[in-house]
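Down below is the structure, laid out as structure tokens.
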Amino acid sequence: MGLQFSLNGVAQELPNIIWITSEDNSPLLGCYGDDYAITPHIDSLSREGFLYTHAYANAPVCAPARNTIITGVYANSSGNQHMRSNYNKSKKVIPFPLLLRQKGYYCTNNNKKDYNVAGIGSEIWDESSNKAHYKNRKPGQSFFAVFNIMTSHESRVHEPPKENEKTHDAARVKLPPYHPDTQEIREDWAHYYDQVTLMDKEVGTILAELVASGEAENTIVIYYADHGGVIARSKRYVYETGTQVPLVIRIPDKYQALWPNRNKGTAVYRLVSFVDLAPTTLSLADIAVPDFIQGHAFLGKQQAAEQDYAYMFRGRMDERPDMSRSVRDTAYRYIRNYMPHRIYWQHINYLWKAQSTRSWENEYKEGRCDEIQQRFWEAKPVEELYHTATDPWEVDNLVENPAYQKVLERMRNANQNWMADIYDAGLIPEIAYQSVQGDSALFDYMRSKAVDIRSIVDATAATMLDASAEFLNKLLNSPSATLRYWGALGLVVKGNEAAPFKNQLVELLNDESSAVAIQAAEALYKS
């Protein structure tokens, strides 16, 4: 007999829970209306369960997204938003599988971790390897099992497709408007869809194995992708293509009281994101959600009210520093770019392994891109606003449109408030992390008396092109290195308009903070 809980006053076994995670794929699946996709197993799962139409990765790349998932804390709240970093974990933050194990669940991970933080590894699981499996539990023990499928990962598109795996015709690809029409781009799109089809077969194998085990009627199945992707301008970017993910959940009939307020086989329009997965899983397992968790349960006895927004973040991507934040409601996406002087399409070695990336670059250099296609090779605007229902590829920026100013202001404020509420560690330049955190963690430092979070959030207005000279001057002369950093960064963005601040910038070249000195040097160069 498994673990027990009370459902509508009746004692029942706690459900087993399986997560099936695929890599790097947007909801380009048959069940999401894509007639180019061949995904029969996930389509079938959606008919047996619930399809979430507004599910989002909080980060558009694997490690920060997975950090958010395993902790229930936004990675940018704890300083873990930069791709490929290993900063300390706060002792206050407990990876949720440990809480499941305390309840008596057998927890397995097969087999990717990539949590982007020091202090979380295989030790949080009963098993974590390519052989980890729920079948190894004690007889009758309830289980939580994660199966990670690499087949749709970006790296697979870097390799030539195998002839016996080609199932999609490149000529039938419906290209997004920002992609020039080249054979290389078409081939990568077709190859990507081929990999998604192979991934779907692996999902089918895991589901068939569950049926064969006799546990299907006792097990909640949650399928999702770890972020969007994977052809250029998707993964790594806080657009729909980088952050919207498929999420399909099947809950057996015996746990009907845990269903969302829907019938099986129907869509759920609620906004959910990865920060909600930990509290939702704990809620389904009848475990109290700890106070440190920043997400909201969307199923189970601890189900929270529907949220107005989902929030996303972009930090350093491998070797290229950047910073963007995004807010999504059910109709609009807002993006704030905090380093608008950097072009969208910074050269990242791994990204350039794809022939489609190199092809797009060649089309741009040869002058064959239209206005939308060449935009990605230019500096970013400070703000972006898209009406995703009418502009699904997000190419019509509404920031300057008078009809959308109230929407812009509302979502701009939501972004600012969220960053303050979660103590966004991205407001501290990464080069300063080690010096400010010492032996502790950024999560703890950001909540200490050393940080005036609202002042720092307000200082980010320095990167707005209309920041006043008085405001910038105040920042440059602040006793806070972080505020001086944002003042200098504001002058980098202003370019040659920074000339009146030349003397102050020269003085800042000797600042005790190397982050400030570097930004001052860049501002002088651009002025």
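The values are calculated or read from the model by the stated rules, or taken from the named source; none is laboratory data. Keep in mind that what you see is a predicted model, and the values were worked out from it rather than measured. In this analysis, Cβ positions are derived from the backbone assuming ideal geometry, glycine residues included, and neighbour counts consider all displayed protein chains.
Among the residues of region 291-313, which ones are assigned to a loop (DSSP other than H, G, I, E, B), in contact with a Lys or Arg (Cβ under 9 Å, 6 or more places away or on another chain) and within 24 Å of LEU408 (Cβ to Cβ)?
GLU306, GLN307, TYR309, listed by residue number.
When you check ALA257 against the structure, is it surrounded by fewer than 21 Cβ atoms within 10 Å (Cβ to Cβ), small (Gly, Ala, Ser), in a helix (DSSP H, G or I) and free of Cβ contacts under 8 Å to residues at least 40 places away in the same chain, yes or no?
Considered against the rule, which asks whether it is surrounded by fewer than 21 Cβ atoms within 10 Å (Cβ to Cβ), small (Gly, Ala, Ser), in a helix (DSSP H, G or I) and free of Cβ contacts under 8 Å to residues at least 40 places away in the same chain, ALA257 comes out as no.
Looking at GLY490, is it closer than 24 Å to VAL399 by Cα and touching a residue at least 60 places away in the same chain (Cβ under 8 Å)?
Against the criterion (closer than 24 Å to VAL399 by Cα and touching a residue at least 60 places away in the same chain (Cβ under 8 Å)), GLY490 does not qualify.
Yes/no matrix, rows are residues, columns are (1) crowded, with 23+ Cβ neighbours inside 10 Å; (2) without any contact (Cβ under 8 Å) to a residue 40 or more places away in the chain; (3) among the hydrophobic types (A, V, I, L, M, F, W, C):
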{"site": "ALA65", "(1), (2), (3)": "yes, no, yes"}
{"site": "VAL73", "(1), (2), (3)": "yes, no, yes"}
{"site": "HIS82", "(1), (2), (3)": "yes, no, no"}
{"site": "LEU98", "(1), (2), (3)": "no, yes, yes"}
{"site": "LYS103", "(1), (2), (3)": "no, no, no"}
{"site": "THR108", "(1), (2), (3)": "yes, yes, no"}
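Being over 20 Å from ARG320 (Cβ atoms) and aliphatic (A, V, I, L, M) is the filter here, so list the residues in region 411-440 that pass it.
MET411, ALA414, MET419, ALA420, ILE422, VAL436
When region 177-192 is examined, which residues are found to be outside any loop (DSSP other than H, G, I, E, B) and more than 11 Å from ARG156 (Cα to Cα)?
GLN183, GLU184, ILE185, ARG186, GLU187, TRP189, ALA190
Going by the structure shown, is LEU207 touching a His at 6+ places or on another chain (Cβ under 7 Å), part of a helix (DSSP H, G or I) and over 23 Å from VAL61 (Cβ atoms)?
Answer is yes for this residue.
Hey, can you tell me all the residues within region 199-224 that are buried (at least 17 other Cβ atoms within 10 Å of the Cβ) and over 23 Å from the mean Cα position of the chain (by Cα)?
Within region 199-224, GLU202, ILE206, LEU207, LEU210, GLU215, ALA216, ASN218, THR219, ILE220 meet the criteria.
Aromatic (Phe, Trp, Tyr), touching a residue at least 60 places away in the same chain (Cβ under 8 Å) and under 30 Å from MET464 (Cα atoms): is that true of PHE292 in this structure?
So PHE292 fails the test.
How many of the residues making up region 498-517 are over 15 Å from ILE431 (Cα atoms) and either touching a residue at least 24 places away in the same chain (Cβ under 8 Å) or hydrophobic (A, V, I, L, M, F, W, C) (or both)?
Looking only at that region, the number is 10.
Could you check how many residues of region 470-522 are among the small types (Gly, Ala, Ser) and more than 25 Å from ILE453 (Cβ to Cβ)?
Total meeting the criteria: 4.
Look at GLN307 and say whether it is surrounded by fewer than 21 Cβ atoms within 10 Å (Cβ to Cβ), without any contact (Cβ under 8 Å) to a residue 24 or more places away in the chain and at negative phi. Show your work before the answer.
Working: surrounded by fewer than 21 Cβ atoms within 10 Å (Cβ to Cβ): yes; without any contact (Cβ under 8 Å) to a residue 24 or more places away in the chain: no; at negative phi: yes.
No.
Have a look at ASP466, ASP452, ASP458 and point out the one that is over 29 Å from ALA75 (Cα atoms) and not hydrophobic (A, V, I, L, M, F, W, C). Walk me through it before giving the result.
Numbers: ASP452 fails: over 29 Å from ALA75 (Cα atoms); ASP458 fails: over 29 Å from ALA75 (Cα atoms).
After applying the criteria, what remains is ASP466.
Check ASN25, ASN67, ASN8, ASN111 and return the single one that is closer than 24 Å to LEU247 by Cβ, of a type outside the set (Ser, Thr, Tyr) and at pLDDT below 95.
Step by step, each of ASN25, ASN67, ASN8, ASN111 is checked, and only ASN111 is closer than 24 Å to LEU247 by Cβ, of a type outside the set (Ser, Thr, Tyr) and at pLDDT below 95.
This table checks each residue for (1) surrounded by fewer than 18 Cβ atoms within 10 Å (Cβ to Cβ); (2) outside the structural domain of PHE376 (by TED's automatic domain parsing).
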| site | (1), (2) |
| --- | --- |
| ARG314 | no, yes |
| THR330 | yes, no |
| PRO340 | no, no |
| HIS347 | yes, no |
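Determine which member of the set GLY495, GLY487 is part of a helix (DSSP H, G or I), surrounded by fewer than 16 Cβ atoms within 10 Å (Cβ to Cβ), in contact with a Ser or Thr (Cβ under 8 Å, 6 or more places away or on another chain) and not assigned by TED's automatic domain parsing to the domain that holds VAL117. Step through it out loud before you land on a result.
Values: GLY487 fails: surrounded by fewer than 16 Cβ atoms within 10 Å (Cβ to Cβ).
Criteria check complete, one pass: GLY495.
Say we look at region 460-484 and pick out the residues that are farther than 16 Å from LEU505 by Cα and aliphatic (A, V, I, L, M); which of these is surrounded by the most Cβ atoms within 10 Å (Cβ to Cβ)?
ALA467
Suppose the filter is modelled with pLDDT of 95 or more, crowded, with 16+ Cβ neighbours inside 10 Å and outside any helix (DSSP H, G or I); does VAL451 pass it?
Details: modelled with pLDDT of 95 or more: yes; crowded, with 16+ Cβ neighbours inside 10 Å: yes; outside any helix (DSSP H, G or I): yes.
Spelling it out, VAL451 is indeed modelled with pLDDT of 95 or more, crowded, with 16+ Cβ neighbours inside 10 Å and outside any helix (DSSP H, G or I).
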